[in-house]
Amino acid sequence: MRKEHSTNTLNEIHIHNSCSLQYAVDLISKRWSLIILCRLQKGKMRFNELYKSIDKITERMLSLRLKELENQKLIKKEIIYQVPLNTEYELTELGLKLSNTFNELRAFGEIHKKALKK
């Protein structure tokens, strides 16, 4: 757990207040978050579908990231009351707005990787 008044936490708050770009990048910079958001661009997915579509992620980590993304209002969770109980996840309106930038970031990533190989 982070200390609320540590220098690091206070600096992070200052940076987020002064730079919206850094704030946005920090929302998706945790490992697996961006991959989860990209998978959900295709539409609703159940937990197991997401789990199987992301190589090397653990169920615990997927569950943790989904909760974080839900708290950030980037995805929403729908419980399907049937036997067995299922959950579906999809991008919220905010998540959809963010996903519009993914193609540009993806293209930049490809260009940058090629430039580094030269």
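Can you work out the FRET efficiency for the pair H112 and Y81, with r the C-beta to C-beta distance and R0 = 35 Å, to the nearest 0.05? Walk me through the numbers on the way to the answer.
Working: r = 46 Å, r/R0 = 1.31.
Plugging the Cβ-Cβ distance into 1/(1 + (r/R0)^6) gives 0.15.
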* If you build a Gaussian network model of the chain, linking Cα atoms that sit under 10 Å apart, which residue out of S20, S99, S29 swings the most? -> S20
* Structure fact -> For segment 1-42, the Cα-Cα pair-distance distribution in 10 Å bins from 0, as whole percents, is 26, 38, 28, 7, 0
* Okay, helix-only estimate at 222 nm for the chain: each DSSP H run of n ≥ 4 adds -39500 (n - 2.57), divide by all residues, round to 500 deg cm²/dmol; what do you get? -> -18000 deg cm²/dmol
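How big is the charge dipole of the chain about its Cα centre, in debye rounded to the nearest 20, if each Lys and Arg gets +1 on its Cβ and each Asp and Glu gets -1 on its Cβ? Walk me through the numbers before you get to the answer.
Values: 22 positive and 14 negative charges, 102 e Å.
That gives the chain a dipole magnitude of about 500 debye.
If you take the alpha carbon radius of gyration of the chain and divide it by 2.2 N^0.38 Å, what ratio comes out, to two decimals? It would help to have the intermediate numbers written out before the result.
Details: Rg = 16.6 Å, N = 118, 2.2 N^0.38 = 13.5 Å.
Relative to the rule-of-thumb radius for its length, the chain sits at 1.23.
Roughly speaking, to the nearest percent, how much of segment 1-86's 1.4 Å accessible area is carbon and sulfur? Intermediate values should be presented prior to the final figure.
On the way: 3490 of 6550 Å².
Whole-percent figure for carbon plus sulfur exposure: 53.
The values are calculated or read from the model by the stated rules, or taken from the named source; none is laboratory data. Keep in mind it's a predicted model, so treat the numbers as computed, not measured. Glycine gets a Cβ as well: all are built from the backbone with ideal geometry, and neighbour counts include every protein chain shown. Accessible surface areas use protein heavy atoms only, side chains included; no ligands, DNA or RNA. Shrake-Rupley method; radii C 1.70, N 1.55, O 1.52, S 1.80 Å.
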